[in-house]
Structures are given as structure tokens and as C-alpha cells.
Amino acid sequence: MSRKFDQELQDRLVRYAAIDSQSDENSSTTPSTDCQFDMLNLLVDELRDIGAADVQLTDYGVVLATIPGTRPGPTVGFLAHVDTAPQFNASGVKPRVIQGYNGGDISFPDNPDLVLSPDANPYLASKQGEDIITASGLTLLGGDDKAGVAIIMTMARHLLDNPDLPRPTLRIAFTPDEEIGRGVGPQLPRHLQADFAYTLDGGEVGEIIYESFSADRAVVRIKGVSIHPGQAKEKMVNAAHLAAKIVQTLPQATMTPETTDGREGFLHVTDMNGGSSEMELKLILRDFEREGLEDKGDLLRQVCAAVQAGEPRAEISVEITPQYRNMRYWLEEDMTPVELARDACRAHGIEPVSTPIRGGTDGSRLTELGVPTPNIFTGMQEIHGPLEWISVQDMARATEVCLTLAQMAAKQD
Ligand SMILES: [Zn+2]
């Protein structure tokens, strides 16, 4: 593989990762945090500088742009998200580059206790000689998904510098708030104007993913009977006790995130808030199949109904809201976008792998809204934590695959 994109990708990721752009699910604004505008506005400027057309920041916080086509063919979208995960410290990221990784343990300048070891990490062991980017030990890196942003920007810059390269019209979208499941609003498909698209938001080289979880969220509200504890005999109904009973009755040795993998789904209690008079439980429900997801919703309702039946003076309600659906349901009807990405991998000697991801992407929702959008690898590893790392050469492989994909999407003349 040529090294012609390495320096640009490295510079871009280092530049983008240093910008705070964490999302916040407790915020109701769009984007959820103002700091995401620092990334969005920078990308608007950079897209204009490299000569992209139709550069626009929408009022719902998505940057859109066009790479004009040189051949007929379908319009192909490329997406990455600018926000970083709320689960870990993502402020003041200090990216650093390890040139020509020697294959040993990697230590962190700001956190002597932290070690990234190839023994625990076979993929890292395979990256000897490559250039590795990490944070400094106190924050995540945010290669999820600024690696995707860097790859798309590098591809765009290269195509705009080389107007003779065959490609159909390409559309670019940089979204906010993917990590809190709010990256794709209902207007995006109409504004994106793509026949199909790809998110650059995957891990190991070769990943071409078209199966994600189907996801619902649930809120359980419990209203007890509140009264002065000194006069409470046979009158008080403590909502905290009922909440505990519900959590205790839900499966714990099975059907939780910590006891499942592969194709198994789960129920996950994410939040428990309130007091003796009122409690609120938040849960997420996940399964690869619609039936499995419905079963988990039914189970939650049954448990709540049983606790309600034992204490008729309480008021217990369950509200279940859909989040996204397995994109396979739509993609398996027309596998063209998946096959195109797989062929582009093979053209570079990369064997494509399609394992279902235990999560969702912006593509899950976009696919459901009519724009088939599988997910392509970027190289990002150990995301959402201080050990996050990525190989510059993996990003270069993704860039080459995307360029080949764009070329293959163009109709031959
Ligand atoms: Zn991501």
C-alpha cells in the first residue's frame, strides 16, 4: 500500500482530536452541545478551502457538501460523526503519534498506571512498524469518529485535486450527536440526496457492516404514596422499594450486557433516579431481531405488571420508544452497496468481514429512512476509553478503499 495519504491523515486526526466535541444526552438542544460547532464550522471552512461544492451547515447541525461527479452513476454518500462519546472524559484531548511502533507495551505520558499491551490486544500486535495515535492517558482519543472525518476529508481533497479521476457525484455529511443516538434527523435523507451511503465508523480493516442491533428505550415511572414517616403505618407506599423489586425481578444472570455477546440481545438498566414518593427507571432494550426485541419489551411490562399487582396503591407505567432497527432488514433486499464495498476491499487485497455490530450507527437510522448505509472500517480500536488507539496506515487503507469504491460506482464508458 502506498504511503501517500499517511501524513495528511495523521495531521487531520491530530488536529480534529484536539477539539472538544463531546455530546450530552441530557441536553435537549440540537446539536446537544455548543462545542460541536467548533468541529462543524472548521469542517465547513476546510471543505470550502479544498473546493467542495454546495458546502452547507444545516440548522440541525449537519455539514453537507458535494464532490462533483465526472461520470454518470448513483450518487454515493459518505458520513462520519463529529461528536465524541459522553461515557469518558473527552475534554482537553492531547493526541500523540508513535512513529514506527516497535511492537511492545505502550505507556501514556499523563497516566503512568495505564498500559496498552499487545498481549491483551492481538490486533495491536499486528501493527508493528505502523504509526499509532493515542491520547495522553486521561481522555479518550475520539478517533471514534474523527478518524472517519479525516478519511472522508482526505478522500475529498484528493478527488478535488484530481478532477480526471472517474467517480459519480459524491455527497458528504458530517453529523453531530451520533453517540447519543440523535445524529440522523428526518430531514437528512432529503438533504443528503444520495442513492446509498456509507458511514466511516467501523473498527478493524476489512469490516463492512450491514447488521446492527434493533433498539428501543424504556422509561418506567413509579408513583408511591407519600406521607410523613411518623404517621406512615399502613399508608406509605415507598416507590424506591418497588423500583428495587422491579430491577431485582428482571434477569441478571442472563440477558444483560455483561452476560451476553454475539447475536444475543439484552435489557440494560441505565438509570435509577428518584426517592420514596416517585422513582424513574431508564432502560435500553437490544436485539438483532424484531421478535427478540418485542419479547424483551413484553418481559419488562410483565415484571412491572406483577409488581403493580402486588401493590395496587402505587402507579407504575412503562413507556417503550423505538430508537433504531437492524439495517439488515433493508440491505438484504438489495446488497449492491455492501457488495460494492466488499469488491473495493478485495481490489486492495483486503478480505472483507461482515460481523453484526452490537450497537447502532447513523446508518441504522438512515437505512430505515430509505438511504441504504452500511458501515466501513476506519481502524479505530478500544473506543470510548483512555486506551483508544488507531493506526495511521489503517486509516490510509480505508481511504484507498473509499477511493476505489467511488471509482467502481461510476458507470464505465
Ligand atoms: Zn462512532
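Things to note:
- A single entry from Gly142, Gly202 fulfils the requirement of being more than 23 Å from Arg328 (Cα to Cα), crowded, with 24+ Cβ neighbours inside 10 Å, touching a residue at least 60 places away in the same chain (Cβ under 8 Å) and within 13 Å of the ligand (Cβ to nearest atom): Gly142.
- Residues located in the range 102-156, provided they are part of a loop (DSSP other than H, G, I, E, B), under 27 Å from Ala65 (Cβ atoms) and charged (D, E, K, R): none
- Contacts under 6 angstrom Cβ, first residue in the range 66-89 being on the phi > 0 side of the Ramachandran plot, partner away from the ligand (no atom under 11 Å from the Cβ) and in a loop (DSSP other than H, G, I, E, B), 6 or more apart: Gly73/Pro168; Gly73/Ala410; Gly73/Lys411
- Residues that are small (Gly, Ala, Ser) and closer than 19 Å to Ile383 by Cβ within the range 1-31 comprise Ala17, Ala18, Ser21, Ser23, listed in sequence order.
- Residue pairs meeting the criteria (Cβ under 8 Å; at least 6 apart or on separate chains; first acidic (Asp, Glu), in the range 148-162; second more than 16 Å from the ligand (Cβ to nearest atom)): Asp161/Ile50
- Residue satisfying all of: in the range 208-220; assigned to a strand (DSSP E or B) and in contact with a helix residue (DSSP H, G or I) (Cβ under 9 Å, 6 or more places away or on another chain); nearest to Ser276 (Cα to Cα) among these: Val220
- Candidate set from the range 159-193 (those that are part of a strand (DSSP E or B) and among the hydrophobic types (A, V, I, L, M, F, W, C)); member that is nearest to the ligand (Cβ to nearest atom): Phe174
A quick yes/no check of all residues on (1) within 16 Å of the ligand (Cβ to nearest atom); (2) out of contact with any helix residue (DSSP H, G or I) (no Cβ under 6 Å at 6 or more places or on another chain):
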position	(1), (2)
Val62	yes, yes
Ala65	no, no
Arg71	no, yes
Thr75	no, yes
Asn102	no, yes
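- Test result for Leu267, closer than 24 Å to Val76 by Cα, away from the ligand (no atom under 16 Å from the Cβ), crowded, with 17+ Cβ neighbours inside 10 Å and touching a residue at least 12 places away in the same chain (Cβ under 8 Å): no
- Selection count, the range 280-294, where residues are of a type outside the set (Val, Ile, Thr) and not in a helix (DSSP H, G or I): 9
- Within the range 77-100, the set of residues being in contact with a Lys or Arg (Cβ under 8 Å, 6 or more places away or on another chain) and either more than 16 Å from the ligand (Cβ to nearest atom) or of a type in the set (Asp, Glu) (or both) comprises Gly77 only.
- Condition check for Thr270: over 16 Å from Glu311 (Cβ atoms) and modelled with pLDDT under 95: yes
- Number of positions in the range 209-236 that are away from the ligand (no atom under 16 Å from the Cβ), surrounded by 15 or more Cβ atoms within 10 Å (Cβ to Cβ) and among the aliphatic types (A, V, I, L, M): 5
- When Arg346 is tested against (1) free of Cβ contacts under 8 Å to residues at least 24 places away in the same chain; (2) touching a Leu at 6+ places or on another chain (Cβ under 6 Å), exactly one condition is not met: (2).
- Set Asp49, Asp38, Asp119: member being free of Cβ contacts under 8 Å to residues at least 40 places away in the same chain and either among the hydrophobic types (A, V, I, L, M, F, W, C) or touching a Ser or Thr at 6+ places or on another chain (Cβ under 9 Å) (or both): Asp38
The values are calculated or read from the model by the stated rules, or taken from the named source; none is laboratory data. Treat the numbers as computed from the prediction; the structure is a model and nothing was measured. Here the Cβ is made from the backbone with ideal geometry for all residues, glycine too, and neighbour counts use every protein chain on show.
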